[in-house]
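Throughout, read-outs are computed from the coordinates displayed, never taken from laboratory work. Model, not experiment: these values are computed from the prediction. Neighbour counts are summed over all protein chains in view; Cβ atoms, including those assigned to glycine, are modelled from backbone coordinates with ideal geometry.
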């Protein structure tokens with residue numbers, strides 16, 4: 001995963017400004033959610049807590065979910081650096097009736113976090129594997145968008 005010194009934040013900002021980026025992300029998340037009966041929410045957020053795309057079977061507020069899951073990753077990364085100087089691969093939060101799995105995407109921008117909410121019957125290992133695989137797939141998609149010769153279309157400011 002990129003470090004803060006190697007992250008291409010400008011590429012991430014270009015993606016966020018592109019008119020079809022959020023729609024592409026939402027479509028991918030909808031497709032992923034439709035194949036997982038034990039996952040109730042998928043949220044792609046920026047590291048500053050803004051919702052990029054959020055699909056769900058719950059009544060959660062996407063803006064609040066994005067802000068809280070971005071904070072969960074930031075706190076996890078800070079704790080990891082304090083304790084052993086390394087980074088965080090993912091964060092797990094065990095709820096009374098479910099589990100939250102969050103992972104910073106491994107794309108070159110370093111600014112996206114994916115979180116999944118599994119219901120109480122969800123197997124933790126399966127929720128973790130699903131989230132890690134989806135995060136890797138989204139990171140590959142983001143890399144491909146950045147590498148497109150014409151780039152993703154950005155609307156004029």
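Annotations for the structure displayed:
- Residue exposure proxy: 40, 107, 48, ordered by other Cβ atoms within 10 angstrom of their Cβ from fewest to most, comes out as 48, 40, 107.
- Contact order for the range 2-157, expressed relative to its length and based on alpha carbon pairs under 8 Å spaced 6+ residues apart, stands at 26 percent.
- Structure remark: mean-square fluctuation, Gaussian network model of the chain, C-alpha springs under 10 Å; the largest value among 116, 125, 32 belongs to 125.
- Label of the coordinate-derived value, P(r) over Cα pairs in 5 Å bins from 0, in percent, listed as [x] 2, 10, 19, 23, 21, 13, 8, 4, 1, 0; [y] 2, 7, 12, 13, 14, 14, 12, 9, 7, 5, 3, 1, 1, 0; [z] 1, 8, 10, 10, 10, 8, 6, 6, 6, 5, 5, 4, 4, 3, 3, 3, 2, 2, 1, 1, 1, 1, 0, 0, 0, 0, 0: [x]
- Rounded, prolate or oblate (a/c below 1.5 giving rounded, otherwise prolate when a/b exceeds b/c) for the range 23-70 by Cα gyration tensor: oblate
- Chain lengthening between residue 121 and residue 136 when straightened (0.36 nm per residue, less Cα-Cα): 2.9 nm
- Nitroxide proxy distance, nm - points 7 Å out along Cα→Cβ at residue 81 and residue 144: 3.3 nm
- Residue order, fewest to most beta carbons within 10 Å, for 24, 104, 96: 96, 24, 104
- Computed [θ] at 222 nm, helices only, for the chain once each DSSP H run of length n ≥ 4 contributes -39500 (n - 2.57): -15000 deg cm²/dmol
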